[in-house]
Amino acid sequence: MPEGPSIVLLKEALQSFVDKKIVNADGSSKKIEYGRLPGAKIREIKTWGKHLLICLPDVTIRIHLLMFGSYSIDTPKQNRIAKLSLFFARGRSVHFYACSVKLITEPLSRVYDWTADIMSKKWDSGKAVKKMNARSSELVCDILLDQDIFAGSGNIIKNETLFRSKIHPKSVVGKIPPLRKKLLVRELIGYSKMFLKWRRANTLKRHWLAYSKKICPRDHHPLAKEYMGKSRRRTFFCETCQKLYG
């Protein structure tokens with residue numbers, strides 16, 4: 001599943017469509033009124049967490065790529081049925097596959113808390129810590145994937161943040177010392193920014209310290225691998241240098 005930084009890159013890839021008028025729209029999604037899209041001009045493209053937001057004058061197209069979603073620009077993928085295709089003048093087009101598509105008619109300020117988006121300039125670490133403290137009995141591996149607290153965080157960010165913070169993924173949130181919790185949030189935001197930088201340079205995997213790795217680069221002990229938490233996501237961690245609070 002693409003994480004917040006990858007959705008920011010998608011937004012950047014689509015900037016050439018801003019101020020362009022949609023000529024036609026179709027796709028396999030049953031939830032879209034395709035007829036209300038032609039004639040509308042794209043005013044802006046935003047992101048919130050893992051959501052791509054294509055803003056039109058009276059409606060916003062929300063794209064969530066889910067686990068296996070993808071897109072193509074100008075050239076449709078062979079033998080693939082798009083959930084949504086948008087067509088523009090001069091043969092230009094954008095196509096979204098295996099994703100969730102929804103139309104939002106409310107103002108985005110009523111739908112989204114921008115202070116919870118890990119890639120937003122409005123991000124608020126203090127709010128995140130307060131939300132974590134309100135969920136003190138939960139495991140930190142679950143909290144770091146909660147989109148109400150860390151919108152845009154995914155499994156790679158979770159694994160790398162916990163490893164770099166030296167916190168065991170099965171730690172109970174309420175047992176983590178306050179300063180350590182603040183460090184964890186700071187590390188997550190810092191890593192997310194580096195994630196974006198490395199994805200731009202196509203070098204992200206070179207910088208993984210724990211995710212999909214077998215040996216801890218700090219103490220050279222074997223890394224453990226478990227499917228843990230509510231979502232049973234793949235988790236890599238070091239029993240030696242990541243402290244268990246709980």
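The values are calculated or read from the model by the stated rules, or taken from the named source; none is laboratory data. Predicted model, so just to flag it, every value in this text is computed and none were measured. In this analysis, Cβ positions are derived from the backbone assuming ideal geometry, glycine residues included, and neighbour counts consider all displayed protein chains.
Yes or no: the range 199-207 includes at least one residue that is over 16 Å from residue 3 (Cβ atoms), surrounded by 14 or more Cβ atoms within 10 Å (Cβ to Cβ) and out of contact with any His (no Cβ under 8 Å at 6 or more places or on another chain).
No: the range 199-207 contains no residue that is over 16 Å from residue 3 (Cβ atoms), surrounded by 14 or more Cβ atoms within 10 Å (Cβ to Cβ) and out of contact with any His (no Cβ under 8 Å at 6 or more places or on another chain).
Can you tell me which condition residue 199 does not meet? The list is (1) within 21 Å of residue 139 (Cα to Cα); (2) touching a residue at least 40 places away in the same chain (Cβ under 8 Å); (3) in a helix (DSSP H, G or I), and all the others hold.
(1)
Residue 116 versus (1) surrounded by fewer than 15 Cβ atoms within 10 Å (Cβ to Cβ); (2) in contact with an Asp or Glu (Cβ under 7 Å, 6 or more places away or on another chain); (3) of a type in the set (Gly, Ala, Ser): which is the lone unmet condition?
Condition not satisfied by residue 116: (1).
Quick grid of which residues meet (1) hydroxyl-bearing (Ser, Thr, Tyr); (2) in a strand (DSSP E or B); (3) surrounded by fewer than 13 Cβ atoms within 10 Å (Cβ to Cβ); (4) under 24 Å from the mean Cα position of the chain (by Cα):
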| site | (1), (2), (3), (4) |
| --- | --- |
| 8 | no, no, no, yes |
| 11 | no, no, no, yes |
| 19 | no, no, yes, no |
| 25 | no, yes, no, no |
| 32 | no, no, no, yes |
| 68 | no, no, yes, yes |
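Would you check if there is a residue in the range 109-130 being assigned to a loop (DSSP other than H, G, I, E, B), small (Gly, Ala, Ser) and not assigned by TED's automatic domain parsing to the domain that holds residue 213?
For the range 109-130, residues assigned to a loop (DSSP other than H, G, I, E, B), small (Gly, Ala, Ser) and not assigned by TED's automatic domain parsing to the domain that holds residue 213: absent.
Could you run through the range 218-233 and say how many residues are touching a Phe, Trp or Tyr at 6+ places or on another chain (Cβ under 6 Å) and among the charged types (D, E, K, R)?
1
Scan 103, 53, 86 and give me the residue that is under 19 Å from residue 4 (Cβ atoms), touching a strand residue (DSSP E or B) at 6+ places or on another chain (Cβ under 9 Å) and either modelled with pLDDT of 95 or more or assigned to a strand (DSSP E or B) (or both).
Of 103, 53, 86, the one residue that is under 19 Å from residue 4 (Cβ atoms), touching a strand residue (DSSP E or B) at 6+ places or on another chain (Cβ under 9 Å) and either modelled with pLDDT of 95 or more or assigned to a strand (DSSP E or B) (or both) is 53.
So residue 138 fits all but one of (1) on the phi > 0 side of the Ramachandran plot; (2) out of contact with any Ser or Thr (no Cβ under 9 Å at 6 or more places or on another chain); what number is the exception?
That leaves (1) as the condition not met.
Run down 184, 162, 179 and say which single residue is assigned to a helix (DSSP H, G or I), surrounded by fewer than 18 Cβ atoms within 10 Å (Cβ to Cβ) and not assigned by TED's automatic domain parsing to the domain that holds residue 48.
Exactly one of 184, 162, 179 is assigned to a helix (DSSP H, G or I), surrounded by fewer than 18 Cβ atoms within 10 Å (Cβ to Cβ) and not assigned by TED's automatic domain parsing to the domain that holds residue 48, namely 179.
Does residue 45 meet the test of being surrounded by 18 or more Cβ atoms within 10 Å (Cβ to Cβ), outside any loop (DSSP other than H, G, I, E, B), at pLDDT 95 or above and out of contact with any helix residue (DSSP H, G or I) (no Cβ under 8 Å at 6 or more places or on another chain)?
no
Going residue by residue through the range 88-107, is there one that turns out to be within 17 Å of the chain's Cα centre (by Cα), β-branched (Val, Ile, Thr) and in the same structural domain as residue 12 (by TED's automatic domain parsing)?
Within the range 88-107, one or more residues are within 17 Å of the chain's Cα centre (by Cα), β-branched (Val, Ile, Thr) and in the same structural domain as residue 12 (by TED's automatic domain parsing).
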